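K.L.:
Would you mind keeping the following structure in view while I ask a few things?
Readers should treat all values here as calculations from the given coordinates under stated rules, not as data from a laboratory. Small disclaimer: the values here were computed from a predicted structure and weren't measured. So basically every Cβ, Gly included, is an ideal-geometry build from the backbone, and we count neighbours across all protein chains shown.
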Amino acid sequence: MTDAAWESLSNQAVAACGLVYFLALLAHLVEWAALRKVPVAAGSASVDSRDVPGGIAVATGPDDPGVDEPTARRTAMFGRLGYLLTCIAVAVQLVALVARGMAADPNRVPWGNMYEFTLTGTFVVAFLYVVLYRRLNLAWMAPVVLTFVLAVLMVAVTWLYAPVAPLTEALSSYWLVIHVVSAIIATGAFTLGGITSALYLVKARRPDTTTGYVARLPQPEVLDRVSYRLHAFGFPVWTFAVLITGPIWAHQAWSSYWNWDPKEVWAFITWVVYAAYLHARTTAGWKGRNAAILALVGTATLWFNFIGINYFSTTSQHSYAGGAPALVTAEAPGAGGVSSAGR
Amino acid sequence: MSTPPEVEKARDDQPSAFSTRPADDDRRAGELTFRELLRWTWRQVTSMRTALVLLLLLALAAIPGSIIPQEGVDSLKTSNWQSDHPKLTPVYEKLGLFSVYDSPWFSAIYLLLMLSLVGCILPRTYHYWRGLRAQPPAAPRNLGRLPDHASYPTSEPPEVVLERARAVLRGHRYRLRAAREGDAAVSAERGYLREVGNLVFHLSVLVVLVGFALGGLFGYKGGVILLVGDDYGFSNNLTQYDDFDPGSLFRADKMEPFSFTIDDFSVDWLLTGPRAGMARGFESRLSYQESPDAPEKSYDLKVNHPLSIGDTDVFLIGHGYAPVITITDGQGNTSGGPTVFLPVNQSFQSIGVVKAPDAQPTQIGLEGEFYPTVAFSKQTGSYYSLLGKPLDPMISMLVYTGDLGMDSGAPQSVYALDKTHTTMLTKPNGAPYRIDLRPGESVKLPNGLGTVSFDGLQEWNKIQISQTPGKWIALVGVVLALIGLLGSLFIRPRRVWVRVREDGDGTLVEVAALDRSGGGDTAAVVDEVVAALQDRREDRS
Ligand code: HEM
């Protein structure tokens, strides 16, 4: 296949996976809509002190006295359909990513610019969701994750799209591969954790609601634990990305392992906020609500760093945001800095 | 959901490996004597809550440095910003906002955090050693009150069940409470290493900081523009650097005595595709000696492939062109040579000046632009560069005569002309007199000033050299921190109790588990233990 063919394959696959995500979202909406008016049987999920798996009617099925047999079967079917469609969409998105890498000459990893980062980021969010679906009983998360992935994909396609181009040289290093893979995996886990923390806050405010989406969320303790697990997974990976491979790569490319470059500063801020989240969970008075708020602050700094800093800061050396490659600049009067070309 | 008191008791009562966190003290300071006040302050500084607040403060304090240009990161940008904001600048300077990361208030936060850390870690380590030798605590009176528990009846005699429980738990690598005659319960605990992980992690944070500080205090970073070719070389001492940024405890005698020349430099230009005009690869062939009497070696210096000599690393971070320009003055004396021009954009349009302070009858200064592949834009009426690759190079310069101001003794940039006492050469019609030259061409200046010739093109590299002592300490520190963190997050500290009780027609076996990290799935642990206890019975029957 020619590079151009790969590129158009990638574009088509992005469109296709967007469509399939949308269908999956519809399926889940049907699933939840059927249960909208049905009250959650008193205490169906709140009394059990054991690990409440999922804790929603879809999982409880016919046992739930509030739901009649056909409704239960229908919702379960749509739930499964939604999950299946999500799996397909994730696979198609993987094709889009691989094709994107194949379209470049020489072939490369698909993260040379913001469009590709965002494509990869949403892929990892969806992928982790699909993988952890059973382990952590994430059925309740479906509508939120899908909405998130779709919205971000849309932003990527509309505003961030850039044609395939080779990597600038500073970016072609195997440390880049390790660094970016781990940063993106952590971003995916933190994003799912952030979603869970947000739902925790909603649920904790109205734990006694009996109808609607909120009623069918797992109990706050379960949400809190799922959120902790996602963060506990993400934090070491983030540490590895930001404080080990990042500095090693920076040292090789820019001659100093820590430059206080805005990207680095914000990665550090994110790290510190998540460290604070982990502390908060074990500090009396900060458990629960405050910890969840900290997790959301963490998500905000994470995504601000991922996208926002490229537009607000003019001194970042992370040149994929559109700045000139570092090699053009000579630090001397009159020579444009990295930033003057990136502005 | 409130925790039953038994659970709280099981969790917090025993001086075990897990309860090493200092207790929160919430008495108010006014009610205390001086000694107590000191103790109270120490308690506050080392409390979890303080650590949390300090962490958040650290995050907040790091923000300004990402918004306001930092002297240590981009000094040019900082000085530009400062001249754009004359009112704010003095205020910001007072607050240290141009070098946030070594400002007193930023340092204060992390030093406090470190103090808190030490104060937190030392007692924990002490408690931990004591806890290591402690036995798992005895079973709480009522296992049924723990959140995760199960029970089943069996016909086996109690001793058999207990014996099996010991075997099963030992098989799962639990530590058991020493059995005593008449015990009706087994107590088991595992996950002791979690605390070690936590301690290692926190201590490693200190190690990283030490490594980082060593680099900042004793290291340096400097840059030099060096022409490509055997005729030019660099040897590592202060006088050879164009810019030099030492740490506050840097000592010049610690500089490694190496030297090198750039024998060859090549660029792999992209000529097609969306990034046409960009360079894909750069490579410099160095010949270097680690010390004056060491053998000469060679190294291919590339982006992402620095040359390391001891603690010092040599990087290729930029390149550009140095047109060879010769000025022959009115009396036939020549001056000039390869002159470094600085690139201003991606197609390497470059600016530079040539000075001939000794020229007769008057000093001559040339200022102009260099285009590696020249093109003319009708729109702007000026030349520009199509490409960084020198396919059709040209220089275009203006001529200044008069006093270049080089005798005053004040240092002058080699990239700018002091034009205060000069006049620009003009054509009879008043338009600027411009010399446009391609390699090999020369032009005779009017008024008997002399000639200017463009004899050829050379290249230069911008080399950055940095010495970062302590970088290995920092690296080892973070790696240890990561390992500790993994232990701390994923080793689950658990206690399991199995109790047997004779009732009417057999034995009732109760199993309960407790996870002290708050993230564990103890229900599954109980199920697992129960299954293991029952499985064997079925095997035998
Ligand atoms: C440089 C600052 C610090 C950082 C980056 C940091 C980071 C962390 C992280 C990521 C954890 C989670 C690992 C775990 O759950 O075991 C943790 C736990 C912990 N930290 Fe820190 N910490 C810092 C300072 C402190 C200080 C000053 C204290 C003492 C007041 C402290 C006490 C603790 C304790 C007791 C835990 C264990 C919580 C538990 O029981 O699970 N930390 N810390």
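K.L.:
Based solely on its DSSP helices, what 222 nm [θ] is calculated for the protein assembly as shown when runs of n ≥ 4 H residues each add -39,500 (n - 2.57) and the sum is averaged over all residues, nearest 500 deg cm²/dmol?
P.N.:
-14500 deg cm²/dmol
K.L.:
With 50 Å as the cut-off, how large is the P(r) tail for the protein assembly as shown, expressed as percent of Cα-Cα pairs?
P.N.:
35 percent
K.L.:
Obtain the nm distance between the two label points defined at B:Glu502 and B:Arg35 by a simple spin-label model: each point lies 7 Å from its Cα along the Cα-to-C-beta direction.
P.N.:
5.6 nm
K.L.:
Express in nm, to one decimal, how much length is gained between B:Lys302 and B:Ile67 on full extension, taking 0.36 nm for each residue of separation and deducting their alpha carbon distance.
P.N.:
81.5 nm
K.L.:
Another question, if that's okay. Using label points projected 7 Å from each Cα along Cα→Cβ, tell me how many nm separate B:Thr380 and B:Ala167, to one decimal.
P.N.:
Going from the B:Thr380 label point to the B:Ala167 one covers 8.7 nm.
K.L.:
In a Debye calculation with equal point scatterers on the alpha-carbon sites of chain B and no solvent, what is log10 I(q)/I(0) at q = 0.06, 0.08 Å⁻¹?
P.N.:
Debye intensities relative to I(0), on a log10 scale: -0.56, -0.78.
K.L.:
What FRET efficiency, computed as 1/(1 + (r/R0)^6) with R0 = 41 Å and r the Cβ-Cβ distance, is obtained for B:Leu111 and B:Asp293, rounded to the nearest 0.05?
P.N.:
0.35
K.L.:
Moving to a separate point now. Evaluate the charge dipole of the stretch B:33-128 about its Cα centre and quote only its size in Debye, nearest 20, assuming +1 on the Cβ of each Lys and Arg and -1 on the Cβ of each Asp and Glu.
P.N.:
For the stretch B:33-128, the charge dipole is close to 560 debye.
K.L.:
Considering only B:Tyr92, B:Pro69, B:Pro104, whose Cα is most displaced toward the positive end of the charge dipole of the stretch B:33-128, charges sitting on Cβ of Lys, Arg (+1) and Asp, Glu (-1)?
P.N.:
So the residue we want is B:Pro104.
K.L.:
Next question, about the same structure. Place a +1 charge on the Cβ of each Lys and Arg in the protein assembly as shown and a -1 charge on the Cβ of each Asp and Glu, then give the dipole magnitude about the Cα centre in debye, rounded to the nearest 20.
P.N.:
Here the protein assembly as shown has a charge dipole of around 3060 debye.
K.L.:
I'm a student and want to see the number: the projected area of the Cα convex hull of the stretch B:320-460, averaged over all directions, in nm².
P.N.:
About 8.8 nm², averaged over all directions.
K.L.:
Lysines within cross-link reach of B:Lys94: Cα-Cα under 22 Å, excluding same-chain residues under 8 positions apart?
P.N.:
Output for B:Lys94: B:Lys77.
K.L.:
With charges set only on the Cβ (+1 for Lys and Arg, -1 for Asp and Glu), what does the dipole of chain B come to about its Cα centre, in debye to the nearest 20?
P.N.:
Magnitude of the dipole: close to 1900 debye.
K.L.:
Another question, then. Measuring from label point to label point, each 7 Å out along Cα→Cβ, what is the A:Ala16 to B:His85 span in nm?
P.N.:
For the pair A:Ala16/B:His85, the computed spacing is 5.1 nm.
K.L.:
As I understand it, the dipole of the stretch B:33-128 uses +1 on the Cβ of Lys and Arg and -1 on the Cβ of Asp and Glu, about the Cα centre. Which of B:Leu38, B:Val118, B:Trp81 lies farthest toward its positive end?
P.N.:
Toward the positive end, the furthest listed residue is B:Leu38.
K.L.:
Then there's this: Pop the C-beta distance of B:Asp535 and A:Arg289 into the FRET formula with R0 = 41 Å and round what comes out to the nearest 0.05.
P.N.:
Calculated value: 0.45.
K.L.:
So for the stretch B:175-244, taking the charge dipole from beta-carbon charges (+1 Lys/Arg, -1 Asp/Glu), which of B:Ala179, B:Ser235, B:Gly222 sits furthest toward the positive end?
P.N.:
Final value for the positive-end residue is B:Ala179.
K.L.:
How high is the relative contact order of chain B, in percent, with contacts defined as C-alpha pairs under 8 Å that are six or more residues apart?
P.N.:
That works out to 18 percent.
K.L.:
Right, next: Determine the gain in length on full extension of the stretch B:Asp521-B:Trp472; use 0.36 nm per residue of separation and subtract their C-alpha separation, reporting nm with one decimal.
P.N.:
Full extension of this stretch gives 13.8 nm more.
K.L.:
Would you mind checking the stretch B:109-149 for residues with the amide N under 13 Å from a putative spin-label position 7 Å along Cα→C-beta of B:Ala184?
P.N.:
B:139-144
K.L.:
Using a 10 angstrom Cβ neighbour count of at most 12 plus a DSSP loop assignment to flag exposed trypsin sites (Lys or Arg not before Pro), which longest range of chain B is free of such sites?
P.N.:
The longest uninterrupted stretch comes out as B:379-541.
K.L.:
For B:Tyr92 and B:Asn429, calculate 0.36 nm times their separation in residues minus their Cα-Cα distance, and state this gained length in nm to one decimal.
P.N.:
116.2 nm
K.L.:
Checking the a/c ratio against 1.5 first, then a/b against b/c, what shape does the Cα gyration tensor give for the stretch B:48-100?
P.N.:
Cα axes put the stretch B:48-100 in the prolate bin.
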